[in-house]
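Each reported figure results from applying straightforward, stated rules to the coordinates on display, with no laboratory input. Since we're looking at a predicted model, the values are computed, not measured. FYI the Cβ positions are ideal-geometry reconstructions off the backbone, even for glycines, and counts take in every protein chain you see.
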Amino acid sequence: MKNETNLLELYSGKLLEGINKLIENTRSKVSVVLNFENTLHYWSIGNCINTELKNEDRLKYDAKIVATLLQQLKWKYGRGNVTK
C-alpha cells in the first residue's frame, strides 16, 4: 500500500510539473500577444486621429476635436477603455 501511494505521488508530481510548465508558457505567450495587440491598437487610434486632422487641415482645432472625441468614446466604451 505504501509503495502504491509513493508511486501515485511520484507520477502525479511529474504530471503536475508538466502541466504547470504548459500553463506558465501559455500565460507568457498570451501576455506577449496582448501587449503587442494593445500597443498596435493605441498606435492605430493615434495614427487615425493624426491622419484625419492633417488631411482635413483641422490642426488648429485639434485639442477641441480630440477632447470631444475622448468624451464620446468614454460615453460609449467607459472610462477605463479610453486614455488621453
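A few remarks follow.
- Inter-probe distance in nm under a simple model that places probes 7 Å from Cα toward Cβ, at residue 45 and residue 75: 1.7 nm
- Lysine pair count for the chain (Cα-Cα distance under 15 Å; residues 8 or more apart in sequence or on different chains): 4.
- Degrees, to the nearest 10: 62-77 long Cα axis against longest axis of the chain: 40 degrees
- Fewest-first sequence of 69, 8 by Cβ atoms within 10 Å of each Cβ: 8, 69
- Residue-averaged [θ]222 nm for the chain, counting only DSSP H segments that reach four residues, each worth -39500 (n - 2.57): -30500 deg cm²/dmol
- Mean shadow area of the chain, taken as a quarter of the surface of its Cα convex hull (nm²): 8.3 nm²
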